[in-house]
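Reading through the structure tokens given below for one structure.
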Amino acid sequence: MLIDTHVPVGRVWDTYEPMTAQIMLDWMDAHEIEMAVPLPLESPESASYYIPTGDMLALCAAHPDRFIPFCVVDPRMSVARGRQSFRSIIGSYVDQGAIGFGEVKVGMPMADPRLQVIYEACDDLRLPLVFHIDNVRCTDTPRLDGLEAMLRTYPNVKFIGHAPGFWSAISADVTEADMGGYPKRPVVPGGRLDTLFATYANLYADLSAGSAHTAITRDWAFGQAFLERNHRQLLFATDYLHPTQEVPQFDMFAAADLSDVARAAIGGANARGLFGA
């Protein structure tokens, strides 16, 4: 059985039909997914519609054996009240059952001081945090310098990477343009992701969406080796957004030549360790 660490329940984009709880549960059953993390979205840059934390906490409370509760707060909310207000808000969600934070998908740099108030609260509360990097949201350099600074500054936060700007750094020749797209050329070894995984035990990544799938499969021999050597910090995930979506992660994961230890870790053991699921 798998744990999917990145799904939405609700309507994300205006071009897609909404994802209902029942559709998600039926899909999970069909694909042998034991539990999933339904991530709220509360920033205007994140989607066409908001998916409120309160709705996701209620969903998780109704299905505690299937869904793992996360919370999110836009750093521009209540900013005039200072950092203690964010600690209080996030702490109140923890009191309601939240065990993680995200998806952080906001239109500002990854190391923006306003976001660091959020990281500080998560560091204090020991919350894992899912973040989205591209050329609009949580922006960074191709070397992921902002992310690295945050990994050093907030060691109690398990930062979970996602999206094109993160996954394009699998290759040493990553460009600014790559951070907003899905490069398909062969990987140049020595990419920043391998270095960051080796250096920072608090960095994780989920295998969701076209960004992770493209990164792993664009150079299949390299991708399989990448999964094996970084298996302690990788999480199975899909980002299954709408009912007619094709999800290539299942075939990718099944086809990968991995040790039993790596397959078990990525498929669910790492998530259990992070989330206590």
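GLY91 fulfils the conditions (1) closer than 30 Å to ILE266 by Cβ; (2) small (Gly, Ala, Ser); (3) touching a Leu at 6+ places or on another chain (Cβ under 7 Å) except for a single criterion, (1).
The set of residues in the range 188-244 that are of a type in the set (A, V, I, L, M) and at pLDDT below 95 contains only LEU241. The set of residues in the range 102-124 being surrounded by fewer than 19 Cβ atoms within 10 Å (Cβ to Cβ) and basic (Lys, Arg) consists of ARG114 alone. Answer with yes or no whether GLU148 is acidic (Asp, Glu), in contact with a helix residue (DSSP H, G or I) (Cβ under 7 Å, 6 or more places away or on another chain) and either within 20 Å of ALA256 (Cβ to Cβ) or buried (at least 22 other Cβ atoms within 10 Å of the Cβ) (or both). Judged against the criteria, GLU148 is not a match. Taking the criterion of being assigned to a helix (DSSP H, G or I), free of Cβ contacts under 8 Å to residues at least 40 places away in the same chain and over 13 Å from PHE159 (Cα atoms), the residues of the range 94-120 that qualify are VAL94, ASP95, PRO113, ARG114. Please tell me if GLY91 is modelled with pLDDT under 95, farther than 29 Å from ARG218 by Cβ, surrounded by fewer than 21 Cβ atoms within 10 Å (Cβ to Cβ) and not polar (S, T, N, Q). Taking the combined requirement at face value, the residue does not satisfy it. Among the residues here, GLY190 qualifies as surrounded by fewer than 15 Cβ atoms within 10 Å (Cβ to Cβ) and free of Cβ contacts under 8 Å to residues at least 40 places away in the same chain.
Taken as a whole, the structure leaves ALA225 outside the set of residues that are over 16 Å from LEU258 (Cβ atoms) and without any contact (Cβ under 8 Å) to a residue 40 or more places away in the chain.
Conditions tested, residue by residue: (1) over 16 Å from the mean Cα position of the chain (by Cα); (2) of a type in the set (Val, Ile, Thr); (3) part of a helix (DSSP H, G or I); (4) closer than 20 Å to PHE236 by Cα.
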| position | (1), (2), (3), (4) |
| --- | --- |
| ASP14 | yes, no, no, no |
| ASP26 | yes, no, yes, yes |
| ASP29 | yes, no, yes, yes |
| SER48 | yes, no, no, no |
| ASP65 | yes, no, no, yes |
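The residues in the range 146-176 that are of a type in the set (A, V, I, L, M, F, W, C) and either at pLDDT below 95 or outside any helix (DSSP H, G or I) (or both) can be counted, and the count is 6.
In the set GLU42, GLU17, only one residue is of a type outside the set (Phe, Trp, Tyr), over 30 Å from ALA264 (Cβ atoms), surrounded by fewer than 22 Cβ atoms within 10 Å (Cβ to Cβ) and without any contact (Cβ under 8 Å) to a residue 40 or more places away in the chain; that residue is GLU42.
The values are calculated or read from the model by the stated rules, or taken from the named source; none is laboratory data. Please read all numbers here as calculations on a predicted model, not as lab measurements. Neighbour counts run over all protein chains shown; Cβ positions are idealised from the backbone, glycine included.
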